[in-house]
Amino acid sequence: MEWFMIFASVAVIWLASLCKFILHASSFYSYHSSFLNNTAGSKRNILLVIAHPDDESMFFSPTISLLTSRGHNVHILCMSTGNADNMGDVRKEELYRASAILKVPIQQVTVMDHPDFQDGFGKIWNTSLLSKIVEKKYNEHAIDIIITFDNYGVSGHCNHRDVHHGVRRFMLDTAQQDIEAWELVSTNIIRKYSGPIDIWFSLRSAQSSLNGQMHCVLNEYPRRSYAAMSQHLSQWAWFRKLFVSFSSYTYVNTLRKINK
């Protein structure tokens, strides 16, 4: 009986948070964060650096949806085809379709297929080379802001962590001093699977940060996240459907500034 009451209480809070979020997402967002709100009408060029096709939909969809809806130019650099199961070509095409759902033009999506960046646990990526590839994209597209994983990489996947280290390597090695980069904050497992409830924790974290070092980005289009992930048919197993439904990363991203 006690466990049933706990479960019922959590379910009520979950549903209340979801309803609050759906009904008031736009005003909720504008009140709590000014991250790239584009109120002056100036478009920025954003480079999102990820490890595998589907990272954009599973983890970064709130950020992508915000940026594209505010008129910014989002470029996606995916460092592998996700070929661990010999389905790299399929997954590459799935990423293009998912990006279209997220309003990122296909010509602004680059998928790498390099021997030094092969998908898989235990595969150590060449962060020095990754740094050079990021630098090339940064210069080619006059990038204003880079967004990527943090040091833990949400799930602890070594490829996610190597992407983070590669971006940091670029920031340290380059002579440019004004590079702006942000990392997606990894949460503990309870918050990770708390769905819209995590909005309250994320907002508190962002509000308590100093000098705008953290921003909370709410997803104004959570259904779009589900639709985008469903384009990854080769990965669309039942547990990933549950992940997208219950993951806090479907509803909110907390971004933290990366300092050199």
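Consider only pairs whose beta carbons are under 6 Å apart and that are at least six residues apart or on different chains; among these, list those whose first residue lies in the stretch 205-230 and is buried (at least 20 other Cβ atoms within 10 Å of the Cβ) and whose second residue is of a type in the set (V, I, T).
If the second residue must be of a type in the set (V, I, T), the pairs left are C216/T254; V217/T63; L218/V252; P222/T250; S225/T250; A228/I101; M229/V244.
Mind telling me which of the residues W200, W182 ends up being in contact (Cβ under 8 Å) with a residue 40 or more places away in the chain, surrounded by 22 or more Cβ atoms within 10 Å (Cβ to Cβ), out of contact with any Asp or Glu (no Cβ under 8 Å at 6 or more places or on another chain) and among the aromatic types (F, W, Y)?
Among W200, W182, only W182 is in contact (Cβ under 8 Å) with a residue 40 or more places away in the chain, surrounded by 22 or more Cβ atoms within 10 Å (Cβ to Cβ), out of contact with any Asp or Glu (no Cβ under 8 Å at 6 or more places or on another chain) and among the aromatic types (F, W, Y).
Pull out all pairs, ordered by first then second residue, where Cβ-Cβ is under 6 Å, the residues are six or more apart or on different chains, the first lies in the stretch 147-164 and is closer than 18 Å to N259 by Cβ, and the second is among the β-branched types (V, I, T) and assigned to a helix (DSSP H, G or I).
What qualifies is T148/V163; T148/V167; F149/V163.
For the stretch 74-116, enumerate the residues that are part of a loop (DSSP other than H, G, I, E, B), hydrophobic (A, V, I, L, M, F, W, C) and over 15 Å from the mean Cα position of the chain (by Cα).
Selection gives M87, M112.
Looking at the stretch 134-178, which of the residues that are in contact with a Gly (Cβ under 8 Å, 6 or more places away or on another chain) and more than 23 Å from K43 (Cα to Cα) is surrounded by the fewest Cβ atoms within 10 Å (Cβ to Cβ)?
Step by step, filter the stretch 134-178, then rank; the result is C158.
Across the stretch 23-64, what is the number of residues that are at negative phi, at pLDDT 95 or above and assigned to a loop (DSSP other than H, G, I, E, B)?
Total satisfying the criteria: 5.
Among the residues of the stretch 186-243, write down those that are among the basic types (K, R) and within 24 Å of D89 (Cβ to Cβ).
Once the filter is applied, which keeps residues that are among the basic types (K, R) and within 24 Å of D89 (Cβ to Cβ), the stretch 186-243 yields R240, K241.
The values are calculated or read from the model by the stated rules, or taken from the named source; none is laboratory data. If you're wondering where the values come from, they're calculated on a predicted model, not measured in any experiment. Because the Cβ atoms are built from the backbone with ideal geometry, glycine has one as well, and the counts that use them run over all protein chains shown.
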